[in-house]
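A short write-up of the structure that comes next.
Taken together, the values in this text are just the output of simple stated rules run on the coordinates, not laboratory data. None of the values given here were measured: they were computed from a predicted structure. Glycine gets a Cβ as well: all are built from the backbone with ideal geometry, and neighbour counts include every protein chain shown.
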Amino acid sequence: MILPEVKRDYGKLKLYINGKWIESKSTTYHPVTNPAKGEVIAEVPETTKDEIDMAVDAAQSAFEKWKNVSVRDRARIMWNLREAFDRNAEEIAKVLTQDHGRTIGESRGSVRRTIENIESACSTILTITKGEHIHQLATGIDESLVWEPVGVFLIITPINIPVHAWSSFVPYALASGCSVIVSPSPGTPVASEMVFKTMEQVEGFPPGVFNLIHGGGAKINNAILSRPEVKGVGFIGSSSVGKQIYKFCGELGKRASINGNGKNHIVIMPDADLSRVAEYLMRGCFGMTGQRCLGTDNVILIGDAYKKVKDLFLEAASKMKVGYGLDDTIDLGPMTIPAAREKVINFIETGIKEGAKVLLDGRNIKVDGYPNGYYLGPTILDDVHIDMHIAKEESFGPVANLIRADNLDQVIEWINTKTNYGHSACLLTSNGKNARKFIIEVNAGNIGINLGIPQPYAFFPLGSKRDSFYGIAHSRMDSIRLFMDQKTVTYRWV
């Protein structure tokens with residue numbers, strides 16, 4: 001069954017500044033398309049300098065009010081925010097599928113993760129932020145540790161997870177007493193608009209605590225960061241852009257949480273439970289059409305696992321149904337923008353030139369009824385060697401590289417030395433000794449044992465390493481250290 005679209009055309013998207021929707025005065029608008037159809041569903045403006053200044057001024061004014069709202073009242077408002085997202089969950093999921101392209105099941109899962117992040121942020125208000133105290137540290141002396149909100153923050157969300165990335169930072173900023181300006185990718189701005197329409201349903205937030213600008217890019221984001229009122233940035237996107245932002249923040253003396261690219265691995269031991277291996281690989285390699293931070297394109301098979309796993313994986317992938325994600329029978333949606341599709345095709349063709357063998361080719365897939373969609377079918381490449389380009393860099397599409405290995409020591413060395421990314425690595429095994437070795441020795445921030453996606457729950461950080469992360473605090477629960485500063489108070493009364 002194909003679910004109804006929330007709207008077919010969202011028109012010219014507006015900015016949300018100081019508690020009001022305003023039409024941008026920009027003369028530059030860009031089309032936003034539904035990737036399943038290739039049809040324009042909205043136009044997104046490039047925010048002007050005056051509008052940026054309005055957003056920063058509004059956020060600073062609101063911060064002065066919001067930081068002084070009582071802890072109990074702030075907690076109540078944040079729980080009401082959670083209820084608003086729960087109430088609007090299905091509509092948000094439909095818009096996300098229409099804007100991004102993922103399946104409706106994946107969109108529902110993303111919204112559920114978003115709600116869990118809001119719940120996690122609510123928990124910080126009455127736990128982490130209450131501080132610490134030691135009575136009688138020395139004779140007549142007491143000492144306290146107090147957490148204080150820092151100020152206004154820029155939150156930059158990426159094209160692939162516009163809703164989940166919002167929830168990885170914004171609820172924690174608001175729970176901390178900070179205010180935000182959200183700058184979404186111009187590739188998926190409609191979902192971000194839906195997030196703000198949900199937020200404005202909640203009473204109690206001072207106008208300007210959360211603001212939405214459009215256009216993205218270095219010019220707009222740097223203009224926001226250059227304002228002295230803005231104290232830092234939470235970013236999820238590419239490592240190359242993240243490095244530039246991190247350098248800019250360093251020059252300005254500002255805080256940053258920068259989450260970049262990955263090159264993730266699923267490693268399969270001969271003793272793995274093969275009854276679920278295809279399920280793990282399908283989710284890990286092809287979930288969200290491969291457009292996910294913790295998604296995998298390197299599947300490393302050790303010893304006797306190779307032939308059995310290859311056959312199981314190929315059979316399962318060949319049966320995937322590709323199409324419009326609002327059809328709830330679909331397994332794989334389109335790529336989000338045409339440029340992403342072309343990049344993945346070039347990635348596949350680079351692998352072929354390097355000597356990889358195509359077991360399953362998704363490059364020329366046709367989807368009935370949607371001739372203009374940005375579709376790629378699942379693709380499996382065999383005979384991939386760890387020194388190939390495609391084994392070192394991220395495809396960010398529905399591609400799986402099958403790589404042979406002799407033993408676990410060899411694989412751990414590959415993961416730690418052949419790429420400098422450190423998002424995730426998974427091991428499928430029934431051997432506890434091997435699992436423990438993998439957990440301890442692999443230099444990645446998110447480890448999975450007997451699963452395809454090592455997605456941490458909301459109240460754990462996304463613990464990425466190396467070129468996958470730069471900054472003072474990871475996203476999600478750990479971002480409380482981004483948005484709050486510590487003050488010590490030493491008392492002597494006797």
message: Test of understanding: what is the full-extension gain from Ala339 to Leu145, defined as 0.36 nm times their sequence separation minus their Cα-Cα distance?
response: 64.9 nm
- prompt: Given the rule -39500 (n - 2.57) for each run of at least 4 DSSP H residues, summed and divided by the residues of the chain, what is its mean residue ellipticity at 222 nm, to the nearest 500 deg cm²/dmol?
  reply: -12000 deg cm²/dmol
task: Please give the peptides 434-442, 135-143, 188-196, 23-31 ranked by average Cβ packing (other Cβ atoms within 10 Å per residue), highest first, as a rough proxy for protection.
output: 188-196, 434-442, 23-31, 135-143
Cα-centre dipole for the chain with unit charges at Cβ (Lys and Arg positive, Asp and Glu negative), debye to 20: 460
- line: Residue separation between Lys357 and Val40 times 0.36 nm, minus their alpha-carbon distance, gives in nm 110.4 nm
task: Give me the distance in nm between label points sitting 7 Å out from Cα along the Cα-to-Cβ direction at Ser238 and Arg87, one decimal.
output: 4.0
- request: Neighbouring Cβ atoms within 10 Å as the yardstick, rank Lys130, Lys197, Lys49 fewest first.
  value: Lys49, Lys130, Lys197
- prompt: How many percent of DSSP beta bridges within the chain run antiparallel, rounded to 5?
  reply: 45
statement: Charge dipole of the chain built from unit charges on the beta carbon (Lys, Arg +1; Asp, Glu -1), centred at mean Cα; most positive-end Cα among Leu145, Ile181, Ile220 is Leu145
query: Of Val32, Phe196, Leu294, whose Cα points farthest to the positive end of the dipole of the chain (charges on the beta-carbon: +1 Lys, Arg; -1 Asp, Glu; origin at the Cα centre)?
result: Phe196
- prompt: Counting DSSP beta bridges with both partners in segment 264-456, what percentage is antiparallel, nearest 5?
  reply: 10
Low-density loop cleavage sites - trypsin sites (Lys or Arg not before Pro) in segment 354-389, where at most 16 other Cβ are within 10 Å (DSSP): Arg363, Lys366
- line: If unit charges are put on Cβ atoms (+1 for Lys and Arg, -1 for Asp and Glu) and the dipole of the chain is taken about its Cα centre, the option from Ala62, Pro158, Thr490 lying farthest towards the positive end turns out to be Thr490
query: Just one of [x] 55; [y] 41; [z] 45 is percent of Cα pairs over 31 Å apart as worked out from the coordinates here. Which one is it?
result: [z]
query: Can you give the FRET efficiency for Ser275 and Ser318, using 1/(1 + (r/R0)^6), R0 = 22 Å, r = Cβ-Cβ distance, to the nearest 0.05?
result: 0.70
query: Listed highest first by mean packing, meaning other Cβ atoms within 10 Å per residue, what order do 89-99, 367-377 come in?
result: 89-99, 367-377
field: Extension reserve of the Lys130-Arg492 stretch, reckoned as 0.36 nm per residue once the Cα distance is removed
entry: 128.2 nm
- request: Report the relative contact order of segment 264-456, percent, no decimals, based on alpha-carbon pairs under 8 angstrom and at least 6 residues apart.
  value: 29
task: Would you mind putting 408-414, 57-63, 282-288 in packing order, based on average other-beta-carbon counts within 10 Å, highest first?
output: 282-288, 57-63, 408-414
Size of charge dipole - segment 264-456 - debye, nearest 20, with Cβ of Lys, Arg +1 and Asp, Glu -1, no other charges: 120
statement: So the FRET efficiency between Asp53 and Leu3, C-beta based with R0 = 30 Å and rounded to 0.05, is 0.15
Overall form of segment 1-99 per C-alpha gyration tensor (a/c, 1.5; a/b vs b/c): oblate
message: Please list, in order along segment 378-391, the HN-Hα scalar couplings obtained from phi with the Karplus expression 6.51 cos²θ - 1.76 cosθ + 1.60 (θ = phi - 60°), rounded to whole Hz, x for Gly and Pro.
response: x, 10, 10, 10, 9, 6, 7, 9, 4, 8, 6, 4, 5, 8
- request: With +1 on each Lys and Arg Cβ and -1 on each Asp and Glu Cβ, and nothing else charged, work out how big the dipole of segment 237-364 is about its Cα centre, in Debye to the nearest 20.
  value: 520
